[in-house]
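> Okay, handing you the structure first.
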Amino acid sequence: MKKFVVFVLLGLMLTGCGKNANSNIKDSFVSKIEKKSSYLMKGTMSISSNEDVFSYNVVAAKSNTDYRVNLVNQINNHEQVILKSGDDVYVVTPSLNKSFKFQSEWPDNGSQGYLIDSLVNDIKNDADSKGEPCDDGYIITAKVNYPNNANLVSEKIYLNKDEDVTKVEILDAEGNVKITVNYTSIDFKPTFKNDYFKLESLIDNNVDLEEETSKTIDDIVYPLYLPKNTYLNSKDVVSTDEGNRVILTFTGDSPFTLVEEVSKASEEFEIIPVFGEPLLLSQTMGALSSNSLYWTSNKIDFYISSNKLTGTELLTIAESVSSGALSVAKEK
C-alpha cells in the first residue's frame with residue numbers, strides 16, 4: 001500500500017502542471033540567468049487590446065548594462081527600437097528619422113516580458129513566486145510591476161527541461177492573458193558589432209521623405225473610451241505649414257486634450273527629450289511624461305495631455321484612440 005502511494009505521488013509530479021511546487025527550479029533559473037552578462041533573444045509578442053490582437057517580431061539583446069530591443073509590427077512592418085546605451089535611454093523610430101530620449105531607469109523600473117533578466121527581477125521581488133513541474137518542463141508564476149498599467153498583475157514563465165524560457169504570459173486580475181511573448185531562440189554567447197548598442201547605428205541617412213502624399217487629416221479619430229462624466233467640449237482644426245492639426249478638448253471630471261497630426265519624417269535625425277518613461281501600447285511604443293502621452297499609430301501622431309489623469313488612465317484612452325485609428329484605416 002505504501003509503495004502504491006509513493007508511485008501515485010511520483011506520477012502527479014511528472015504529469016500535468018501545478019500539482020507540486022518546486023522551489024528548486026525557481027532558484028536554479030535565477031542563478032543561471034544571473035551568471036549571464038549578455039544574451040540575444042528572438043521571438044514574437046502578441047498584445048490583446050479590446051477585441052484586437054497586435055503581433056510583433058522581437059529581437060532583444062543585452063551586453064553588460066546596455067540593452068537593445070527591436071520591435072517590428074507584423075501587420076505594417078512599422079519598426080521601433082528601445083535602446084539603453086550607458087545612462088541614456090531612447091525609443092527610435094527609424095522610418096521617421098526620430099528618437100525620444102528619456103531620463104529613465106528603464107528597464108529596471110518595471111517588468112519587461114521580453115527581457116530575461118527582467119523575469120528574474122520579477123521572481124526575486126515576489127516572495128510568493130513559485131516554480132512547478134509541467135509536462136514539457138516547468139512553470140514559474142510571479143507578480144509583475146507595470147507602474148503605468150495597473151491592469152497587468154501577474155505572469156507565467158514557461159521553461160523547457162533545460163530551464164530555458166520558451167514563453168511568457170502576462171495576465172490581468174481576472175486571469176486573462178493580455179500579453180504573450182514566445183521565445184524562439186536564446187543565445188547566451190552572442191557576438192555584437194562594436195556600434196550595436198550605440199544610437200548612431202540606428203540613424204538612417206536615406207529616409208524617404210516623399211513617402212507621404214498628404215499631410216492633412218481627413219478622418220478625425222475620437223476616443224472609443226471616455227472616463228466617467230467626461231465629454232467632448234470643442235473641436236478645432238488648425239492649418240499648419242505641413243497640413244493641418246486637430247485639437248479635441250474634453251471637459252468634465254477627467255478633462256484632457258487630444259491632438260492629432262499626420263506624422264512626417266525629419267530631414268535630419270531628430271532627438272526629442274522626454275522627462276518620463278517609454279510606454280508599451282498595443283500598436284506602438286509611446287512616450288509618457290508626468291501629465292502627457294505621445295505616440296504614433298497608423299501614420300498619425302497623437303498627443304494627450306491632462307493634469308488629472310494617471311498614467312494608466314492615459315494609456316486606456318490612448319488604446320481606445322488607436323483602436324479607432326485602426327478602424328478608420330481598415331475602412332479605407
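The values are calculated or read from the model by the stated rules, or taken from the named source; none is laboratory data. Keep in mind that this is a model prediction, so the values were computed, not measured. Cβ: placed from backbone, ideal geometry, glycine included. Neighbour counts: every protein chain shown. In case anyone asks, the SASA skips ligands and DNA or RNA and just uses the protein heavy atoms, side chains included. Shrake-Rupley method; radii C 1.70, N 1.55, O 1.52, S 1.80 Å.
> Exceeding 32 Å between C-alpha atoms, which entries from my cross-link table qualify? They are LYS42/LYS215; LYS26/LYS62; LYS35/LYS198; LYS98/LYS124; LYS36/LYS143.
LYS42/LYS215; LYS98/LYS124
> For every other residue with a beta carbon closer than 12 angstrom to the beta carbon of THR180, add +1 if it is Lys or Arg and -1 if Asp or Glu, then tell me the sum.
+1
> Testing the spin-label approximation: label points 7 Å from Cα along Cα→Cβ at ASN244 and GLU79. State their distance in nm.
Label at ASN244, label at GLU79, 3.4 nm between them.
> While we're here: If amide H atoms are built 1.01 Å from N in the plane of the peptide, which residues on other chains or at least 5 residues away come under 5 Å of the amide H of THR230?
Those qualifying (amide H under 5 Å, at least 5 residues apart or on another chain) are ASP253.
> Still on this structure, please answer the following. Which one, LEU83, LEU226, LEU315, has the greatest fluctuation when you compute a Gaussian network model over the chain with C-alpha springs under 10 angstrom?
Checking each option, the largest mean-square fluctuation is seen for LEU226.
> So what are the ³J(HN,Hα) numbers for segment 226-243, from phi and the Karplus equation (6.51, -1.76, 1.60; θ = phi - 60°), rounded to whole Hz, Gly and Pro as x?
Karplus values, whole Hz, x for Gly and Pro: 10, x, 4, 6, 10, 8, 6, 9, 8, 9, 10, 10, 10, 6, 10, 5, 9, x.
> Moving on. Where is the GNM fluctuation largest for the chain (alpha-carbon springs, 10 angstrom cutoff): TYR196, TYR67, TYR158?
Comparing TYR196, TYR67, TYR158 in the GNM, the peak value goes to TYR196.
> Under the rule that an exposed site lies in a DSSP loop and has at most 16 other Cβ atoms within 10 Å, name the longest stretch of the chain with no GluC sites (Glu not before Pro) of that kind, not counting the sites themselves.
Longest stretch, sites excluded: 269-332.
> How charged is the neighbourhood of GLU169? Take every other residue with its Cβ under 12 Å from the Cβ of GLU169, and add Lys/Arg as +1 and Asp/Glu as -1.
Counting the neighbours of GLU169, the net charge comes to +1.
> Averaging sequence separations of C-alpha pairs under 8 Å and six or more residues apart, then dividing by the length of the chain, give the relative contact order as a whole percent.
Here the relative contact order equals 16 percent.
> Answer rounded, prolate or oblate for segment 229-332, using the Cα gyration tensor with square roots of eigenvalues a ≥ b ≥ c: rounded when a/c is under 1.5, else prolate when a/b is larger than b/c, else oblate.
Numbers: a/c = 1.37, a/b = 1.16, b/c = 1.19.
Taking the square roots of the gyration eigenvalues as a ≥ b ≥ c, segment 229-332 is rounded.
> Right, next: Mind checking the dipole of the chain: about its Cα centre, +1 per Lys or Arg Cβ, -1 per Asp or Glu Cβ, Debye to the nearest 20?
The dipole magnitude comes to about 1440 debye.
> Taking amide hydrogens as modeled 1.01 Å from N in the peptide plane, which residues meet the under 5 Å criterion relative to ASN151, leaving out close sequence neighbours?
none
> Additional query: So how strong a dipole does segment 247-312 carry about its Cα centre when Lys and Arg Cβ are +1 and Asp and Glu Cβ are -1, to the nearest 20 debye?
Charge dipole of segment 247-312: 220 debye, to the nearest 20.
> So for the chain, taking the charge dipole from beta-carbon charges (+1 Lys/Arg, -1 Asp/Glu), which of SER38, ILE157, THR240 sits furthest toward the positive end?
Positive-end residue among those listed: ILE157.
> May I ask you to give the solvent-accessible area per residue for segment 78-181, in square angstrom, as obtained with a 1.4 angstrom probe?
Details: 4150 Å² over 104 residues.
Dividing the accessible area of segment 78-181 by its residue count gives 40 Å².
> Which shape class, rounded, prolate or oblate, goes with segment 130-276 when its Cα gyration tensor gives a ≥ b ≥ c as root eigenvalues, a/c under 1.5 marks rounded, and past that a/b bigger than b/c marks prolate?
Here segment 130-276 falls in the oblate category.
> Please report the antiparallel percentage of DSSP beta bridges with both residues in the chain, rounded to the nearest 5.
Here the antiparallel bridges make up roughly 95 percent for the chain.
> So how tilted is helix 116-125 from the main axis of the chain? Cα-based, degrees 0 to 90, rounded to 10.
Taking Cα atoms only, the helix is inclined about 70 degrees.
> To continue, here is another question. Report in % the part of the accessible area of segment 120-242 that belongs to carbon and sulfur, leaving out ligands and nucleic acids; probe 1.4 Å.
Result for segment 120-242: 41 percent of the exposed heavy-atom area is carbon or sulfur.
> Amide H of PHE269: which non-local residues (sequence gap of 5 or more, or other chain) have their own amide H closer than 5 Å, using H built in the peptide plane?
Amide H neighbours of PHE269, under 5 Å, 5+ apart: none.
> Something else: Using the heavy atoms of the protein chains and a 1.4 angstrom probe, tell me the accessible area per residue for segment 229-322 in square angstrom.
Using a 1.4 Å probe on heavy atoms only, each residue of segment 229-322 averages 44 Å².
> Which residue, chosen from LEU309, THR284, VAL120, occupies the Cα position most advanced towards the positive end of the dipole of the chain, where the dipole is computed from +1 (Lys, Arg) and -1 (Asp, Glu) charges on Cβ about the Cα centre?
VAL120
> Would you kindly derive the ³J(HN,Hα) couplings of segment 130-139 from the backbone phi angles with the Karplus curve 6.51 cos²θ - 1.76 cosθ + 1.60 (θ = phi - 60°), listing them in order in whole Hz, with x for Gly and Pro?
8, x, 9, x, 9, 3, 9, x, 8, 10
> Kindly express, to the nearest 10 degrees and within the range 0 to 90, the angle between helix 23-34's C-alpha long axis and the longest C-alpha principal axis of the chain.
50
> Ignoring everything except DSSP H segments at least 4 long, calculate the 222 nm mean residue ellipticity for the chain; use -39,500 (n - 2.57) per segment, divide by total residues, nearest 500.
-5500 deg cm²/dmol
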